[in-house]
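**Student:** First, the structure itself, so that you have it in front of you.
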Amino acid sequence: MWVVFMKKRIYLIVISIILLTFAGCNSYQVDNDNIIESESNPFPDYKYNQEAAQSPYGQSSMAISETGYYYIIDDILYFYNINSDINMPLCSKSNCKHKDKDCDAYVNSINAYTADFSCNCMEGKLFYYNNHLYCIEITSDRDYYLYQYNDVFGDKKCMAHLASVKNKQNAVTDAGACLISNGYLYFYTTTMDEQYAQKGCIADYQCNRIKLEENAVIEELGEFEFPGDYAMKAGESNGLAIYCSNENIYFYAGGTVRWYSQENRVRYWVAKFDVKSNRFDMIWTYTGDETKDILGKDTGNVNVLSGGEYVQMDAHGNFYILTASEKDVNIDVSMIVKVNFENSTSNVIYKTPKEQIYSLRSDGEMLYFFETTSGRDTTSWLTAIHMDGTIQSSLELQYDEEYLSYMEDYYKHFPDADVVKPGASDLIICGIDERFILLKCPEGCNVFKGLTSSNIYKISESMDKITGAGVIDKSKYLKNEETSIKQIYQCVL
């Protein structure tokens with residue numbers, strides 16, 4: 001078995017070296033302008049919809065183009081070209097190892113541990129719109145700029161100055177919540193008030209938009225007060241989100257666990273911006289300490305997974321929110337609640353028959369999420385349901401055979417051990433379009449087939465390191481045809 005394992009590892013290392021050499025010696029071609037209508041295009045009937053590609057119904061950690069996906073692995077920007085089935089860093093440097101800031105594809109976010117705010121891609125949020133990439137950059141003086149790049153992350157151009165702590169006492173917040181819709185970037189800013197601590201960590205937030213044109217002016221659409229301490233440190237989500245549904249823009253803020261104040265620890269605020277009339281209205285709010293049934297009768301307990309980064313919408317103004325059936329459960333959820341704040345309606349549409357739900361995502365027509373059981377016989381499933389809660393498809397994620405063999409031997413030697421297989425709770429659904437569902441796997445769950453590193457036994461310095469990335473054919477998955485995770489990236493450890 002050891003010989004087979006070493007052969008497998010050597011093979012993977014050799015392949016990786018070849019791919020890195022290719023990436024370092026050639027200018028990577030994205031080719032978003034020339035969609036090949038031939039056998040090389042596995043989805044010849046796919047029609048790119050630029051607005052739908054912005055993930056308007058919930059946050060996404062990838063940018064969708066005509067020919068593939070932009071996404072980040074360990075601070076390096078990758079592009080998966082669907083037509084050529086090639087996944088490569090967007091770097092053309094000769095002999096580049098694609099591991100640090102010297103790489104052309106290097107992108108970084110706020111480093112809260114060193115109090116370093118300077119970064120070229122705030123919170124790893126990428127946009128692709130009109131054949132260009134967009135990122136929010138922060139300088140060492142905490143000026144916030146929107147930058148535009150070409151489709152291979154070159155030709156950098158400053159488009160707008162969004163905020164300035166030094167000169168305007170404001171900052172862009174929750175970059176992950178930002179949304180591009182119909183030529184505008186919608187985003188939040190917060191005022192840096194010297195009395196913030198004395199006010200119980202309550203901050204003033206602004207809902208803004210700016211047109212994706214040079215010399216455009218920021219429009220403030222509305223303002224609200226909200227706790228700033230749902231994020232423990234800079235660069236983390238504060239429970240904010242922005243959506244586009246039924247041609248309106250929705251702003252959502254929600255949280256239940258405050259880090260620096262316990263006063264009115266549960267707060268929610270939802271507003272609607274009518275694009276046609278330019279009217280901005282608050283449509284629902286809650287302030288208090290109760291978590292049970294605040295969304296409606298028998299809707300369960302809201303918790304940290306009810307914040308904006310996890311909440312989804314559909315095309316008809318309905319929100320889909322994860323809740324817990326047991327009181328005071330802070331991290332586990334087992335139900336999905338459908339809420340229409342404008343009509344004051346809510347109902348539980350789904351209760352998992354497993355134990356827990358993770359990573360809720362929406363494509364506007366269906367909801368996608370992981371379900372898991374626990375214990376030695378842990379199972380994990382990727383489930384898709386219609387907006388009324390009926391199940392469309394459920395795919396059990398397979399464990400790596402080598403890992404299963406190891407665990408079998410382990411239990412033989414330690415029959416009373418309480419070590420269990422990890423579930424899918426840490427897996428990341430980067431995004432979904434009509435072609436694929438893109439997944440990333442951090443090192444903490446480096447055991448799933450199609451997402452593992454080259455050595456599942458070796459541990460790096462960071463448990464956040466991405467060990468693998470893979471795609472699932474969405475059409476086959478929804479038709480319940482035989483399918484599995486196709487690995488497009490594998491970390492060599």
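**Student:** Taking interchain pairs and intrachain pairs at least six residues apart, which have beta carbon atoms under 7 angstrom, with the first residue in segment 391-409 and within 20 Å of E443 (Cα to Cα) and the second charged (D, E, K, R) and surrounded by 14 or more Cβ atoms within 10 Å (Cβ to Cβ)?
**Tutor:** Sorted first by the residue in segment 391-409, then by its partner, the pairs are Q398/K449; Y399/K421; Y399/K449; D400/K449; M407/K421.
**Student:** Mind listing whichever residues of segment 437-493 are of a type in the set (K, R), open to solvent by 30 Å² or more (accessible area, probe 1.4 Å) and at pLDDT 95 or above?
**Tutor:** Matches in segment 437-493: K449, K476, K479, K486.
**Student:** With the condition kept exactly as written, say whether any residue in segment 413-421 is out of contact with any Phe, Trp or Tyr (no Cβ under 6 Å at 6 or more places or on another chain), among the small types (G, A, S) and without any contact (Cβ under 8 Å) to a residue 12 or more places away in the chain.
**Tutor:** Taking every residue of segment 413-421 in turn, at least one turns out to be out of contact with any Phe, Trp or Tyr (no Cβ under 6 Å at 6 or more places or on another chain), among the small types (G, A, S) and without any contact (Cβ under 8 Å) to a residue 12 or more places away in the chain.
**Student:** Same structure, new question: Before we move on, is L305 crowded, with 20+ Cβ neighbours inside 10 Å and over 20 Å from Q262 (Cα atoms)?
**Tutor:** It is false that L305 is crowded, with 20+ Cβ neighbours inside 10 Å and over 20 Å from Q262 (Cα atoms).
**Student:** Go through segment 189-223 and give me each residue that's open to solvent by 90 Å² or more (accessible area, probe 1.4 Å) and of a type outside the set (S, T, N, Q).
**Tutor:** E194, E213, E214, V217, E220, E223
**Student:** Which ones in segment 370-381 are of a type in the set (A, V, I, L, M, F, W, C) and in contact with a Phe, Trp or Tyr (Cβ under 6 Å, 6 or more places away or on another chain)?
**Tutor:** F370, the sole residue that qualifies.
**Student:** Further question on the same structure: Those residues that are part of a loop (DSSP other than H, G, I, E, B), open to solvent by 40 Å² or more (accessible area, probe 1.4 Å) and of a type in the set (S, T, Y), I need them from segment 372-409; list them, please.
**Tutor:** Within segment 372-409, S374, T390 meet the criteria.
**Student:** Would you mind stating whether I294 is more than 23 Å from A271 (Cβ to Cβ) and either surrounded by fewer than 20 Cβ atoms within 10 Å (Cβ to Cβ) or at pLDDT 95 or above (or both)?
**Tutor:** In short, no.
**Student:** Continuing with this model, one more query. Among the residues of segment 163-188 satisfying the criterion of being open to solvent by 20 Å² or more (accessible area, probe 1.4 Å), among the polar types (S, T, N, Q) and more than 23 Å from the chain's Cα centre (by Cα), which is farthest from T287 (Cα to Cα)?
**Tutor:** For segment 163-188, the residue satisfying everything is N167.
**Student:** Given the residues S61, S84, S92, which is the only one that is in contact with a Cys (Cβ under 7 Å, 6 or more places away or on another chain) and either modelled with pLDDT of 95 or more or among the polar types (S, T, N, Q) (or both)?
**Tutor:** Every option except S61 fails the conditions.
**Student:** Hey, can you tell me all the residues within segment 55-65 that are open to solvent by 20 Å² or more (accessible area, probe 1.4 Å) and either part of a helix (DSSP H, G or I) or in contact with a helix residue (DSSP H, G or I) (Cβ under 9 Å, 6 or more places away or on another chain) (or both)?
**Tutor:** Q59, S61
**Student:** Is one or more of the residues making up segment 356-371 within 23 Å of N318 (Cα to Cα), touching a Gly at 6+ places or on another chain (Cβ under 7 Å), open to solvent by 10 Å² or more (accessible area, probe 1.4 Å) and of a type in the set (K, R)?
**Tutor:** Yes, the conditions are met somewhere in segment 356-371.
**Student:** Same structure again: Kindly provide the set of residues from segment 102-130 that are of a type outside the set (S, T, N, Q), modelled with pLDDT under 90 and over 24 Å from Q54 (Cβ atoms), ordered by number. Outline the logic, then answer.
**Tutor:** Residues of segment 102-130 of a type outside the set (S, T, N, Q): 102-107, 110, 112-113, 115-117, 119, 121-129.
Next, from what is left, pick out any that are modelled with pLDDT under 90: 110, 112-113, 115-117.
Listed by number, the residues that qualify are A112, Y113, A115, D116, F117.
**Student:** Next question. Output the residues belonging to segment 241-256 that are under 17 Å from the mean Cα position of the chain (by Cα) and under 14 Å from N318 (Cβ atoms).
**Tutor:** Within segment 241-256, Y243, C244, Y252 meet the criteria.
**Student:** Looking at segment 184-203 only, could you name the residues that are touching an Asp or Glu at 6+ places or on another chain (Cβ under 8 Å) and closer than 25 Å to P56 by Cα?
**Tutor:** If the condition is that a residue be touching an Asp or Glu at 6+ places or on another chain (Cβ under 8 Å) and closer than 25 Å to P56 by Cα, then Y188, T190 are the ones that fit.
**Student:** Restricting to segment 324-340, name every residue that is modelled with pLDDT of 85 or more and under 22 Å from W269 (Cα atoms).
**Tutor:** A324, V333, M335, I336, V337, K338, V339, N340
**Student:** Filter segment 144-176 down to the residues that are in a loop (DSSP other than H, G, I, E, B), within 22 Å of N238 (Cβ to Cβ) and in contact (Cβ under 8 Å) with a residue 60 or more places away in the chain and list them by number.
**Tutor:** Hit for segment 144-176 is D174, nothing else.
**Student:** Restricting the first residue to segment 54-76 and requiring it to be in contact (Cβ under 8 Å) with a residue 40 or more places away in the chain and hydroxyl-bearing (S, T, Y), which pairs with a second residue that is open to solvent by less than 20 Å² (accessible area, probe 1.4 Å) and not in a strand (DSSP E or B) meet a Cβ separation below 6 Å and a spacing of at least six or different chains?
**Tutor:** Final answer for the pair search is Y57/G364; S65/N32; Y70/L126.
The values are calculated or read from the model by the stated rules, or taken from the named source; none is laboratory data. Keep in mind it's a predicted model, so treat the numbers as computed, not measured. Positions of Cβ are backbone-derived with ideal geometry, glycine not excepted, and every protein chain shown enters the neighbour counts. SASA here: full protein model, heavy atoms, side chains in, ligands and nucleic acids out. Shrake-Rupley method; radii C 1.70, N 1.55, O 1.52, S 1.80 Å.
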